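**Student:** This structure is in structure tokens; I'll ask about it shortly.
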Amino acid sequence: METIAFIGGGSMASAILGGLIAQGMAPAQITLIDPGADQRAHLQATYGVRTTDGVAAGCAEADTVVLAVTPQVIPQVAERVAGALKGKLLISIAAGCR
């Protein structure tokens, strides 16, 4: 069973995970990682996905990791998650990053 972790729970991540679920992906296959407790609770209630604020732990079991954070926090997130990305597909939807 393919699993995916989203780092960041803003509107772009919400739209993508909503589409994945609408197309048949089970919410149990999706982990959403966000520092905001209110946003995590909202997305868990709305979509039934697993949530956490732990970046490395949230990515550990994922096959695919989606970076869905603002460009200015990419360096901090990358530093925290680097060790957990080996063998995973990494997708970034952060505009303006190189």
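Every read-out reported here was derived from the displayed coordinates using simple, explicitly stated rules and does not represent laboratory data. This one's a predicted model, so the numbers in the text were calculated from it and none came from an experiment. In this analysis, Cβ positions are derived from the backbone assuming ideal geometry, glycine residues included, and neighbour counts consider all displayed protein chains.
**Student:** What share of Cα pairs, in percent, lie more than 18 angstrom apart in the stretch 10-92? Provide the component values of the computation, followed by the final result.
**Tutor:** Details: 1325 of 3403 pairs.
The share of Cα pairs beyond 18 Å in the stretch 10-92 comes to 39 percent.
**Student:** Quick check for me: using +1 on Lys/Arg Cβ and -1 on Asp/Glu Cβ, what's the dipole size of the chain about its Cα centre, in debye to the nearest 20? Intermediate values should be presented prior to the final figure.
**Tutor:** On the way: 6 positive and 7 negative charges, 34 e Å.
Its charge dipole is roughly 160 debye.
**Student:** Under 12 Å from the Cβ of residue 6, count the other residues' Cβ atoms, weight Lys and Arg +1, Asp and Glu -1, and hand me the total. Walk me through the numbers on the way to the answer.
**Tutor:** Values: positive: 40, 50; negative: 34.
Surrounding charge for residue 6 is +1.
**Student:** Out of residues 5 or more away from residue 50 or on other chains, whose amide H comes under 5 Å of its own, with H placed 1.01 Å from N in the peptide plane?
**Tutor:** 30, 32
**Student:** A further question follows. Could you tell me the relative contact order of the chain? Use alpha-carbon pairs under 8 Å, at least six residues apart, and round to a whole percent.
**Tutor:** On the way: 163 pairs, mean separation 30.4, N = 98.
Relative contact order for the chain comes out at 31 percent.
**Student:** Explain nothing, just compute: Karplus ³J(HN,Hα) = 6.51 cos²θ - 1.76 cosθ + 1.60, θ = phi - 60°, for every residue of the stretch 47-57 in order, whole Hz, x for Gly and Pro.
**Tutor:** Karplus-based 3J(HN,Hα) across the stretch 47-57 equals 10, x, 7, 6, 9, 7, 9, x, 4, 5, 5 Hz.
**Student:** Follow-up question, since we're still on this one. Among 66, 54, 32, whose Cα lies farthest out toward the positive end of the dipole of the chain, if unit charges sit on the beta carbon of Lys, Arg (+1) and Asp, Glu (-1)?
**Tutor:** Positive-most Cα among the choices belongs to 66.
**Student:** Please report the net charge: other residues with Cβ closer than 12 Å to the Cβ of residue 29, K and R +1, D and E -1. Walk me through the numbers on the way to the answer.
**Tutor:** Working: positive: 50; negative: 2, 61, 63.
Surrounding charge for residue 29 is -2.
**Student:** Using only the alpha carbon atoms of the stretch 1-40, find the Kirkwood hydrodynamic radius as the inverse mean reciprocal pair distance, in angstroms to one decimal.
**Tutor:** 10.4
**Student:** Please list, in chain and number order, the residues 5+ apart from residue 66 or on another chain whose amide H is under 5 Å from its amide H, with Hs placed from the backbone.
**Tutor:** So residue 66 has HN proximity to 5, 6, 7, 91.
**Student:** Now a separate question. Which net charge results when you count Lys and Arg as +1 and Asp and Glu as -1 among the other residues whose beta-carbon is under 13 Å from that of residue 60?
**Tutor:** Details: positive: 50, 80, 86, 88; negative: 61, 63.
For residues surrounding residue 60, the net value is +2.
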